[in-house]
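Here's the structure we're looking at; comments come further down.
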Amino acid sequence: MNQPANQPASAYFIEDRHDPSETHTLSVLVQNEPGVLARVIGLFSGRGYNIESLTVSETESQKHVSRITIVTTGTPMVIEQIKHQLDRMVPVYRVVDMTLTGRAIERELAMVKVRGVGEHRVETLRLADAFRARVIDATVESFVFEITGNTSKINQFIDLMRPLGLVEVSRTGVAAIARGPEGM
Amino acid sequence: MSDKSHDPNQMTGAAMIVRALIDHGVQHIFGYPGGAVLPIYDEIFQQSEVQHILVRHEQGAGHAAEGYARSTGKPGVVLVTSGPGATNMVTPLADALMDSIPLVCITGQVPTHLIGNDAFQECDTVGITRPCTKHNWLVRDVNDLAKVLHEAFYVATSGRPGPVVVDVPKDVQFATGTYHPPRKSDVHVSYTPRLKGDAQQIRKAVALLASAKRPVIYSGGGVINSGREASRLLRELVEVTGIPITSTLMGLGAYPASGKNWLGMLGMHGTYESNMAMHGCDVMLCVGARFDDRITGRIDAFSPGSKKIHVDIDASSINKNIRVDVPIIGDAGSVLGDLLQVFKAEAKKPDIKAWWQEIAKWRARNSLYYKKSNDIIMPQYAIERLFEATRGRDVYITTEVGQHQMWAAQFYGFEEPHRWMTSGGLGTMGYGLPAAVGVQVAHPDSLVIDVGGDASVQMTIQELSTAVQYELPIKVFILNNQYMGMVRQWQQLLHGNRLSHSYTEALPDFVKLAEAYGCVGIQAIKPSDLDGAIHEMISVKRPVLFDCRVASLENCFPMIPSGKAHNEMLLPEQANDEATASAFAAGKALV
């Protein structure tokens, strides 16, 4: 990485860390005040954490509470840091690691535009049907599909559409919720 | 409208700000006026409960407020204008965030309808200060102002303290709205810091301490921040357990330097005995410190054989750099109280005679040794004489950043908390002089000394003018070696002694400079002059700039070279050119 061949000595102790990376989905309940999303994103960029996916919307408008779902990767120590760093922010109520609970359902919505004629159109529709993707717009030479599912299902669908005339994709990012009667 | 005019809680935003300061017991604020805060300055003019200290640069206001806060335990308050006023505050805010200092900074902003228009002296203050504050607010409605101000004081001072910014557009300052005095509900709804440590974890910690053969306590700034009671409890815990104690730069004074269990400061320029004790201990109790990189040295070789107990109010400090065995989240004072209570009830002093004998051997290495001279003032000697001359007095020490700071930490003995103000985390050159101004405002009759370097002190030297205006008799004791000493030391040790831009070719005549500002200038060149000059400095009841000419090429030892562990310290007697070169050459491979 940042390692020139003849590395000079430094005032800092620079050590490589080789712990394996993990992917975690975090649900964060926040006070929906101005700048709260900038705070969360700034934390990630400022401290060098990864954001794979980020979804945010107000969920309890009366209490001004928003729910942010973040998919992130890092070593176990970094993931723990991310949770604590989020938790100590003033407008953050709670942070739950959905991956650790092991009881989370994750869903993403994608809109997928595919262009084609003839045989390709038939094949496209057949595959869309298999993936339970709905047609939400159609012209004589294109479809827009709406598909919901976990990230890997959507990736798979997009991969299949590529040779059939994939034009573009718009994805919402992951939303997650725990199974069972209890809320977070 | 007419019935409301008799309501005493109806007032302008500007009046609310001053009223809120009074309601929070603020006696002094530090600031600098400008277009976007004129309504607030107009309110300040018309009252006498809050005294405003006019600085010469907004950065000076910030550091003065930090010094004020650290020496009193109360929040420091700053008032600056929009745009450059706010951006000049960024350094003190970042400094206060790193060192957990409670600051409430009120900034003016352009009127709300101009926000986003690149108006004159506009900047995105909340955007710029977001990563260097604990929290910040832009107030768009005058009726929110009272609540936000009260929340701001709450957030700054509760949990892990830190700086906050309240950005108030000029039209909000002019607008009339309803004020309410602080009330219990003026806490931020989602911010509830945890103060009490988990009882089970505390039991585990006590069991570990009681059965330890080679224990050590490593305390930090969190103990100071927690208040005087925390320092008292720490002292009692050391007394009851008989365990040796070391401290970070930020924690000096929580345990007295004259105490019999004191090992000295630890870390990169800490004593040999404290670092060896950290390396060789079997149980480590860390209270209010955060295992930062100046403390740990090489992480994978840090205290390899110990069980670690970590007490911190901030959960994100735990397991950040070093994995610990018993994490306890809570306020240092509260947890120390519980630890002490459980220890007294359930445990006995561990038998650690053999450990103390080992420590005595390390101590005998005399790691703070330096070669005295009859011709030149050695910087360490200057601090030793300063300490002797001020010992037992009501004294506060601030510092700038660099070699002089480390020498002050090593050679000045701190007996009490809140007496030592230094920029630890951010390492801000230029901190000490304005911080001394702030300390002196809070303690007008005390002796306040800024131990400075010739380079650092010039970064905020203009605040001498503030000291003169308010008759604050601060003493600026400059260890003048004509170099940026710590930069030069690193260049010598790590960069082949190529002293790139670390020598100051054209230093001012500090004595004349002092006189130009209306201060007293004193110079000492020979060791034989030093004591007399220091006594003169102390006895003068005016601000003093003391130009102490010291050995220019002295290095700060002992030292943990980069990429090394605690037990690989470079001691002063070993630090001949050859040993130094090889210690750092080995580090190169790792870095």
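All of the numbers you see were taken from the coordinates with simple rules; none came from a lab. The model shown is predicted, which means the values in this text are computed figures rather than measured ones. Methodologically, a virtual Cβ is constructed for each residue, glycine included, from the backbone with ideal geometry; neighbour enumeration extends over all protein chains shown.
What number, rounded to the nearest 500 deg cm²/dmol, is the helix-based mean residue ellipticity at 222 nm of chain B, given -39500 (n - 2.57) per DSSP H run of at least four residues and division by all its residues?
It comes out at -11500 deg cm²/dmol, rounded to the nearest 500.
Using alpha carbons only, how many degrees (0 to 90, rounded to 10) separate the axis of helix B:228-241 from the longest principal axis of chain B?
Once rounded, one gets 20 degrees.
Using only Cα atoms, find the angle between the long axis of helix B:379-390 and the longest principal axis of chain B, and express it within 0 to 90 degrees, rounded to the nearest 10.
70
I want to make sure I understand the PRE zone here: with the label point 7 angstrom from the Cα of A:ARG115 toward its beta carbon, which residues in the range A:148-169 have backbone N atoms less than 14 Å away?
In the range A:148-169, the label zone of A:ARG115 (backbone N under 14 Å from the point 7 Å along Cα→Cβ) covers A:164-169.
Counting other beta carbons within 10 Å of each residue's own, what order do A:ILE79, A:ILE51 fall into, fewest first?
With the fewest neighbours first, A:ILE79, A:ILE51 line up as A:ILE51, A:ILE79.
Can you show me the helix-derived [θ] at 222 nm for chain A, built from DSSP H runs with n ≥ 4 at -39,500 (n - 2.57) apiece and divided by the number of residues, rounded to the nearest 500.
Only helices count here, giving -8000 deg cm²/dmol.
Just the projected area, averaged over all directions, of the convex hull on the alpha carbon atoms of the range A:29-96: how many nm²?
4.2
Around B:ASP198, which amide H atoms from residues at least 5 apart in sequence, or from another chain, sit under 5 Å from its own amide H, with H modelled in the peptide plane?
HN-HN under 5 Å from B:ASP198: B:ILE329.
Below 12 angstrom from the Cβ of B:GLY438, what's the summed charge of the other residues (Lys, Arg +1; Asp, Glu -1)?
Counting the neighbours of B:GLY438, the net charge comes to -1.
Give the separation of the Cα centroids, the range A:14-56 to the range B:505-544, in Å.
The two parts, judged by their Cα centres, are 52 Å apart.
Mind sorting B:HIS501, A:HIS64 by how few other Cβ atoms lie within 10 Å of their own Cβ, fewest first?
B:HIS501, A:HIS64
If the cut-off is a Cα-Cα distance under 27 Å, which lysines reach B:LYS308, setting aside same-chain residues fewer than 8 apart in sequence?
A:LYS83, B:LYS196, B:LYS204, B:LYS213, B:LYS260, B:LYS320, B:LYS344, B:LYS348, B:LYS349, B:LYS353, B:LYS361, B:LYS564
What is the spin-label model distance, in nm, from A:LEU37 to B:HIS501 if the labels are put 7 Å beyond Cα along the C-beta direction?
Distance between label points: 4.0 nm.
Could you work out the equivalent-ellipsoid semi-axes for chain A, taking the square root of 5 times each eigenvalue of the Cα gyration tensor, largest first, in whole Å?
After scaling each eigenvalue by five and taking roots: 36, 25, 15 Å.
Mind checking the dipole of the range A:138-184: about its Cα centre, +1 per Lys or Arg Cβ, -1 per Asp or Glu Cβ, Debye to the nearest 20?
Rounded to the nearest 20 debye, it is 160 debye.
From Cα coordinates alone, what are the radius of gyration and Dmax values for chain B in angstrom?
Reported Rg and Dmax, both Å: 24.8, 85.
What residues have an amide H closer than 5 Å to that of B:ASP450, excluding those fewer than 5 places away on the same chain, when H is modeled at 1.01 Å from N in the peptide plane?
B:THR398, B:LYS475, B:VAL476, B:PHE477
Which ordering of A:GLU108, B:GLU463 is given by a fewest-first count of other beta-carbon atoms within 10 Å?
A:GLU108, B:GLU463
So if I take the centroid of the Cα atoms in the range B:60-79 and the same for the range B:103-171, what is the distance between those two points in Å?
18
Any chance you could list P(r) for the protein assembly as shown, counting all Cα-Cα pairs in 20 angstrom bins from zero, rounded to whole %?
15, 42, 32, 9, 1, 0
Going 7 Å from the Cα of B:LYS512 toward and past its Cβ, which residues in the range B:481-505 have a backbone nitrogen under 20 Å from where you end up?
Only B:481-483, B:504-505 pass the distance filter.
With +1 on each Lys and Arg Cβ and -1 on each Asp and Glu Cβ, how big is the dipole of chain B about its Cα centre, in debye rounded to the nearest 20?
Using Cβ point charges on Lys, Arg, Asp and Glu, chain B gives about 1960 debye.
On a 0 to 90° scale, report how tilted helix B:332-346 is relative to the longest principal axis of chain B, with both axes built from alpha carbons and the result rounded to the nearest 10.
50
Dipole magnitude of the protein assembly as shown about its Cα centre, charges +1 at Lys/Arg Cβ and -1 at Asp/Glu Cβ only, in debye to the nearest 20?
Here the size comes out at about 1900 debye.
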